[in-house]
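Written out below as structure tokens is the structure these notes cover.
Every number in this text was worked out from the coordinates using simple rules, so none of it is lab data. Given the structure is predicted, the values throughout are model-derived calculations rather than measurements. When we count neighbours, we look across all protein chains shown, and the Cβ atoms used for this are built from the backbone with ideal geometry, even at glycine.
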2 protein chains.
Amino acid sequence: MSERVLYDLCGADPDVRFSPYCWRAKLALAHKGLSYEARPWRFTEREALAFSGQGRVPVLVDGGRTVADSFAIALHLEEAYPDAPSLFPGGVALARFVATWADTVLNAGLARMVVADILAALGPEDAAYFRETREARFGGRLEEIQAGREERLDAFRASLAPLRTALGEAPFLGGERPAYADYAVAGSFQWAHAVSAFDPLSPDDVVHGWRARMHELFDGLLDRAPRAVAA
Amino acid sequence: MSERVLYDLCGADPDVRFSPYCWRAKLALAHKGLSYEARPWRFTEREALAFSGQGRVPVLVDGGRTVADSFAIALHLEEAYPDAPSLFPGGVALARFVATWADTVLNAGLARMVVADILAALGPEDAAYFRETREARFGGRLEEIQAGREERLDAFRASLAPLRTALGEAPFLGGERPAYADYAVAGSFQWAHAVSAFDPLSPDDVVHGWRARMHELFDGLLDRAPRAVAA
């Protein structure tokens, strides 16, 4: 058993891990070269997280330390493991800028493309919770929120302009090597990839090429991850 | 006369300089400690820029070199003056990410708050050009585009989330010291400040505090700049 445990959102299939914020944490752990147990956790297992003082994942238990929130986990790893490669070679502020852009612009766009696919990846109890909370958030039935996603592709792809121009300057947001800003954005794309066969990126987009590079990192951590996708 | 000339957009009053992209270039020149003549240029003076092979400012003439486009100017300065403090301590890609976010999200929001104020700052010939080209872009009369800006403030301030969280991590996007990412965003706010008394920022916003720090840089370059604002 690893000395580190990451509580990691899963679907009906415990091997399907789809939370964008948990993926950020796993990529940050991999960047630091740290082993961990990614313990499956479902939306409705609130009591399993009670020890953390809140109800959402990711939660990292690192020795005696409990850290919730993906950005707080990254800051913790940077501070606790200063000899491993930095997650923030460009400074914390710029990485936080990109992470919040992913939280808001990117995740808002992706959610409307895969929210019914997420629902389909959940067991009955989680599906009921997810439908109720997300339909209140989006103000409509999840199937209707997702419907017509092809017509929203142009606007979604236009919203990626900051990412696209940045990746015209270097192979990764971190420069020659990936860093936390890359992991923040990759987590969002992995969220969609884990539950949906729908790909919002055009193969001729520089963002598509970057995502392929991200998929290969850490022995294919993202590429090998089990998906809940109809064949 | 300086060996460097920057063609710099002005209003009816040649001392009122309001282009966000020209402000980026001036802040980048100041960061590198370089002197320059900021030569006033108006929208309709196309022939004065013919030498540059295109029709927009900023254009920097640096010795024998002519460079158009604010980001290209920053890259040129970084390459030509490597011994001066770097504009990109966090890497070029992340700075480009922020600059494109400012080009799109930030400038789109600000434009709808000050576009009629810009019009009022222009002489008759430029005003006719500006109205025609911008009304085609926005699909409406400029006065109507700007109307109701108070009601859009909440959505505009929400769109600043990436900037706001980043500035919760450090005094500047560049960290302890400002860098090109800061100048890219500051240029946009200066655009509004130069032509409008309307302030889209709340005084209790961390972004407001950052803007005040930006105003003080380089002996108050932004703070001292003449404005075209009704008293």
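Values as computed for the structure displayed
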quantity: Calculated diffusion of segment A:164-231, Stokes-Einstein form, Kirkwood radius summed over Cα pairs, 10 °C and 1.306 mPa s, µm²/s; calculated: 127
quantity: Relative contact order for segment A:4-80, counting Cα pairs under 8 Å that sit 6 or more residues apart, in percent; calculated: 37
quantity: Whole-Hz couplings from phi, Karplus 6.51/-1.76/1.60, listed for segment B:175-181; x for Gly and Pro; calculated: x, 6, 10, x, 9, 4, 4
quantity: Mean separation of Cα contacts under 8 Å (6+ apart) over length of segment A:106-231, as relative contact order %; calculated: 26
quantity: Spin-label pair B:GLU132/A:ARG152, simplified geometry with 7 Å Cα→Cβ offset, distance in nm; calculated: 3.9
quantity: Dipole of the protein assembly as shown, positive end: most advanced residue of B:GLY140, A:PRO203, B:PHE51 [Cβ charges, Cα centre]; calculated: B:GLY140
quantity: For chain A: relative contact order, % (alpha-carbon pairs under 8 angstrom, 6 or more apart); calculated: 26
quantity: Position B:LEU153, label points 7 Å along Cα→Cβ, spacing to each other copy in nm (shortest first, one decimal); calculated: 4.2
quantity: Radius ratio Rg over Rh of the protein assembly as shown, counting only Cα atoms, Kirkwood formula for Rh; calculated: 1.00
quantity: For A:ASP223, inter-copy label distances in nm, listed shortest first [label point 7 Å out on the Cα-Cβ vector]; calculated: 5.4
quantity: Proxy reagent accessibility, fewest Cβ within 10 Å first, across A:VAL67, A:VAL98; calculated: A:VAL67, A:VAL98
quantity: Per-residue average of Cβ from other chains inside 10 Å of A:78-84; calculated: 0
quantity: A:ALA38 long-range amide H proximity, modeled H, under 5 Å; calculated: A:LEU6
quantity: In Hz, Karplus ³J(HN,Hα) per residue of segment A:117-134 (6.51, -1.76, 1.60; θ = phi - 60°; x = Gly, Pro); calculated: 5, 4, 3, 5, 8, 9, x, x, 5, 5, 4, 5, 4, 5, 4, 5, 6, 6
quantity: Copies compared at A:GLU37 - label distances in nm, ascending, label defined 7 Å from Cα in the Cβ direction; calculated: 7.3
quantity: Overall dimensions of segment A:76-130 as given by Cα atoms, namely Rg and Dmax in Å; calculated: 16.9, 45
quantity: Projected area averaged over orientations for segment B:36-93, convex hull of C-alpha atoms, nm²; calculated: 4.8
quantity: Among B:24-36, B:213-225, B:115-127, A:133-145, the order from most to least packed when residues are scored by Cβ within 10 Å on average; calculated: B:24-36, B:115-127, B:213-225, A:133-145
quantity: Rounded to whole Hz, the Karplus (6.51, -1.76, 1.60) HN-Hα couplings of segment A:74-79, x for glycine and proline; calculated: 4, 5, 4, 5, 5, 6
quantity: Inter-part distance where segment A:191-231 and segment B:112-174 are each reduced to a Cα centre, Å; calculated: 37
quantity: Förster radius 22 Å - calculated FRET efficiency between A:ARG141 and A:ALA72, Cβ distance, rounded to 0.05; calculated: 0.05
quantity: Percentage of interatomic Cα-Cα distances in segment B:120-190 larger than 15 Å; calculated: 70
quantity: Stokes-Einstein D in µm²/s, Kirkwood radius over Cα pairs - chain A at 37 °C with 0.692 mPa s viscosity; calculated: 182
quantity: Taking the convex hull of Cα positions in segment A:92-224, its mean projected area over all directions (nm²); calculated: 8.7
quantity: Net charge dipole size for the protein assembly as shown [Lys, Arg +1 and Asp, Glu -1 on Cβ; Debye, nearest 20]; calculated: 140
quantity: For chain B, built as a Gaussian network whose Cα springs stay under 10 Å, the top-fluctuating residue of B:PHE172, B:PHE51, B:PHE88; calculated: B:PHE51
quantity: Residue closest to axis [chain A; rotation mapping onto B; Cβ; Å]; calculated: A:GLY90, 2
quantity: Share of pairwise Cα separations in segment B:4-80, more than 21 Å, in percent; calculated: 18
quantity: Which of B:ALA127, B:LEU167, B:THR104, positive extreme of dipole for segment B:92-223 (C-beta unit charges); calculated: B:THR104
quantity: Peptide B:166-172 - average C-beta neighbours from other chains (10 Å radius); calculated: 5
